[in-house]
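In what follows, a single structure is set out as structure tokens and then discussed.
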Amino acid sequence: MRIMKRIALTGFGILTQAGESLSSLWDLCVNKKSFFNLNKNTKNIEDSIATLEIRELNLHNHIPKKKLKYLDKQVIFTLISTFNAILNAGLEERFQQQQELRKIGVVMGNSLAQIEFGMEQMSKMVTSGSSPISPFTGLAFYFGAATGEVSVSLKTKGENATVITGANSALDCVITGANSIQRTQNEIVLFGAGENLVPDVVYGLLHRQKNISQTDYLPFDSRSTGCFFSSGSGVAVLEDKEVAKKRGGFLYAELEAYHTLTAYNCLFAYNETLVATLVKTIQYTLAKAGCDSGDIDMVIPTGDGSLDGDQFELFAIKNIFGNRKRFIYTPKPNVGHMLSVSGMIDIFIASMAIKNQVIPPMLNKVKTKIRGDSRMFVCDEPEYKKINRVLLIQRDIVGGRVGALILKRA
């Protein structure tokens, strides 16, 4: 649906291997650097991905110590990003007002359940025979804990939701949160995702999936020509634009239109159906925004590093945008593929591109079968230009779903 009530992004909290600093993350991309290169060998990379350091924030002020030990890192990461997003949006005072908490909702998503925590609990059962294994067990907990913990920790009383749609979760969280503001159920929505990847599990799943170009997926390996996998979290603040303006909040960007479609033939496989579905999704989104391809100044594709997926995605972009050059960028080579969190980082990068009027340079060239395709990417230097609208594309091989979102200057 076309967004009727104007909704803005007013704050971000991002946690990656490189830390929590928003400016550092942006500088990493603009200056064509990768935190992957901060690690000198495979073992260090694997260890840092598996045990991402919990940084300075004192979580015990928000979560009782006895409860904290039952939380997977993906929930802890999400909590850290949430607190930082509130600070970045300048909303601390509002969260201290009891009556205001009824207008604040939480929408969180992830690709994987709390695998590490689940494995630890199962291990306790097997080795010690302890039962019950946890006071917080159950499917709802393993998938929905981030939503619950954020809401309980902050004492929010608005409409909440948990989204489980794989790598598409970030986009679906935006849509769910925006719809709740449209229906006046919330004035503010904290939305985002957290992932705590267990390297052995991810690596095993990857190499059992024959429909993915495995040669470009080399997790924890500096020879990777695609992208590598990483853990972390990302949370952003959605707010009724008029409410945000009244309180003097900073407006990063405004949501203009969004649309999602399911490509059933692309479930667990990338094929040419993806091109047609992506084209339709982008066309529908442009129509809802009342603009055409010429009004889009920057495109952030999924760009997950798979030869087949990236190739079909570029075919769709070329179908819409023709031979335009130097307007596409993806941060995955810089920060890794963080599954559902990647969409949150894409939204952050899009917002910063609008704020700073620059498209970052691509870290690596992208291999496809499209002749001259490298000229479609900003490969060498930052591209300073007028950026009013950014199109974000997200696709998920697990669900066969694709989506598009347009952010514009607020």
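Any read-out appearing in this document is the output of simple, stated calculations on the displayed coordinates, not a laboratory observation. Since the model is a prediction, treat every value here as computed from it, not as a measurement. We place every Cβ from the backbone using ideal geometry, glycine too, and count neighbours over all the protein chains shown.
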* Structure fact -> Note: residue 102 to residue 24 extended length (0.36 nm per residue) minus current alpha-carbon separation gives 24.7 nm
* Asked: Residues with beta-carbon under 12 Å from that of residue 107, excluding residue 107: net charge, scoring Lys, Arg +1 and Asp, Glu -1?
  -> -2
* Asked: Mind ordering 387-394, 229-236 by average Cβ neighbours within 10 Å, highest first?
  -> 229-236, 387-394
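What is the dipole size for the range 257-408, taken about its Cα centre, with +1 at each Lys and Arg Cβ and -1 at each Asp and Glu Cβ, in debye to the nearest 20? Mind showing how you got there, number by number?
On the way: 19 positive and 14 negative charges, 63 e Å.
It works out to roughly 300 debye.
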* **Label-point gap, in nm, between residue 33 and residue 295 - each point 7 angstrom along Cα→Cβ** => 3.8
* Would you mind computing Rg(Cα) / (2.2 N^0.38 Å) for the range 257-408, counting N as its residues? => 0.94
